[in-house]
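Inspection log for the structure reproduced underneath, given as structure tokens.
The values are calculated or read from the model by the stated rules, or taken from the named source; none is laboratory data. Treat the numbers as computed from the prediction; the structure is a model and nothing was measured. Neighbour counts are summed over all protein chains in view; Cβ atoms, including those assigned to glycine, are modelled from backbone coordinates with ideal geometry. Surface areas here come from the heavy atoms of the whole protein model, side chains and all, with no ligands, DNA or RNA. Shrake-Rupley method; radii C 1.70, N 1.55, O 1.52, S 1.80 Å.
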Amino acid sequence: LEIYSATRGTKFAGAHIRQVYWILGGMFAMFVVSRINYHALLEQVPWMYVLSVMSLISVLLFGQKYLGARRWIKIGGGMHFQPSEWVKLILILAVAKYFSDARQRECGVSDIVKAGMMVGIPMLMVLAQPDLGTALTYMPIALMGLFLGGLRMKHAVAIVLLGAMMAPVAWHVLKPYQRERLTSFMQPEADYHGSGYQVIQSLIAVGSGGIWGKGTGHGSQIQGSFLPVPQTDFIFAAYAEEHGFIGAVAVLLLYFVVLMRLIHNAQTAPDRSGTLVVMGVVAVVIFHILVNIGMVVGFMPVTGIPLPLMSYGGSSVLFTFLALGIVMNIRMRRFVN
């Protein structure tokens, strides 16, 4: 409904119909995955990891270029597939398998290096597309795996210090527009018509919604085409303008319920690998929610990270439903010896 309202009368009109198809496809995929024993999926991780790296290579070689980035593979019917989204699911399974097989209470330096390389290789390939937002979503998978795998405090401090030392190098590697995105959210008014435009328009949309909102199809920022890409990155701003503070809080409560259910499923998982898989999903979903909504209200830089189950995009929808399908799979086997 919100995608319909946000795209009505624009060149993206009709996107809500395609989204319904993606949701139906995602629900079917979720059901199929929920019927496959997750241990069988974990056993196939090496092959899936190789396929995921190959898919990222194919994007760099043959991917569809759009707005200066090569992130999608055309699959016909006017639809595109973004392999970097499903790679997140493979990394969740890969990290879970690695630390569940380790069966040790604390992870050593070699475990940190191996986990870092496991996640780092796809992450660098996604950065080369370039897609900073999706690449950043790989980080919480590694961090959650290390945390649950028994990361020592001294190693955690060392990782933080190493990250701080590498920050200047990473800053110079980023493209100019990516640097602007990372800094403009702090003072968006400094470049009102440039890098700060998206943040300012988003803040106006959220604020103009008031307590109860303006109603579906009556958002001035949306209908006036002031809010950029309201059906994807800024879907929450569009929703907040039309449904107000009450509607925004209701959505946040729904996300809270989903996350609490996921964490409960992790607690009742039949084994260590199941817990690691579910908490990997939790880490990614929390990261998406915090960064996207933080971006909308000006607390985070604009990085193009979609809001789960709300933003338009087939690849994101498929990842979310497949991840939930694996969680369902683990929950259904909680009483199996």
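Observations on the structure shown:
- Over segment 118-267: Kirkwood hydrodynamic radius from C-alpha pairwise inverse distances, Å: 18.5 Å
- Heavy-atom accessible area for LYS97, with the other protein chains in place and a 1.4 Å probe, reaches approximately 40 Å².
- Sum of side-chain charges, ALA142 neighbourhood, beta-carbon under 12 Å (Lys, Arg +1; Asp, Glu -1): +1
- Of the two radii for segment 17-75, the radius of gyration is 1.09 times the Kirkwood radius, both from the alpha carbons; that is the Rg over Rh value.
- The 1.4 Å probe gives accessible areas that order LEU89, LEU1, largest first, as LEU1, LEU89.
- About the Cα centre, charge dipole magnitude for segment 208-337 (Lys/Arg +1, Asp/Glu -1 at Cβ), debye: 500 debye
- Residue-span extension gain [ILE23 to LEU124] - 0.36 nm each, minus C-alpha spacing: 33.4 nm
- Compactness of segment 234-303 is given as radius of gyration and Dmax, 14.6, 44 Å, from Cα positions.
- Solvent-accessible surface of the chain, averaged per residue with a 1.4 angstrom probe and all protein chains in place: 50 square angstrom.
- Cα-Cα over 21 Å, subset of LYS11/LYS214; LYS88/LYS175; LYS97/LYS154; LYS11/LYS74; LYS114/LYS154: LYS11/LYS214; LYS88/LYS175; LYS97/LYS154
- Order by protection proxy (mean Cβ within 10 Å, highest first), peptides 213-220, 167-174, 137-144, 197-204: 137-144, 197-204, 213-220, 167-174
- Area of ARG272 that stays accessible when all protein chains are in place (1.4 Å probe, Å², to 10): 90 Å²
- Over the chain, DSSP H runs of length four or greater, each weighted -39,500 (n - 2.57), average out per residue to a 222 nm ellipticity of -22000 deg cm²/dmol.
- Here, the chain has an Rg and a Dmax of 20.2, 61 Å when only alpha carbons are counted.
- Contour minus Cα-Cα distance for GLU189 and ASN37 (0.36 nm per residue): 49.5 nm
- By accessible area, using a 1.4 Å probe on protein heavy atoms only, the chain has 70% of its surface on carbon and sulfur.
- Between the C-alpha center of segment 263-327 and that of segment 230-246 there is a gap of 19 Å.
- Cα centroids of segment 85-118 and segment 1-22: 38 Å apart.
- Histogram of C-alpha separations across segment 1-157, 10 Å bin width, %: 10, 30, 33, 19, 7, 1
- Here the label points at PHE62 and MET260, each 7 Å from Cα along the C-beta direction, are separated by 4.8 nm in the simple model.
- Translational diffusion of segment 199-337 was estimated from the Stokes-Einstein equation, with Rh taken as the Kirkwood radius over Cα pairs; at 25 °C and 0.890 mPa s the coefficient is 153 µm²/s.
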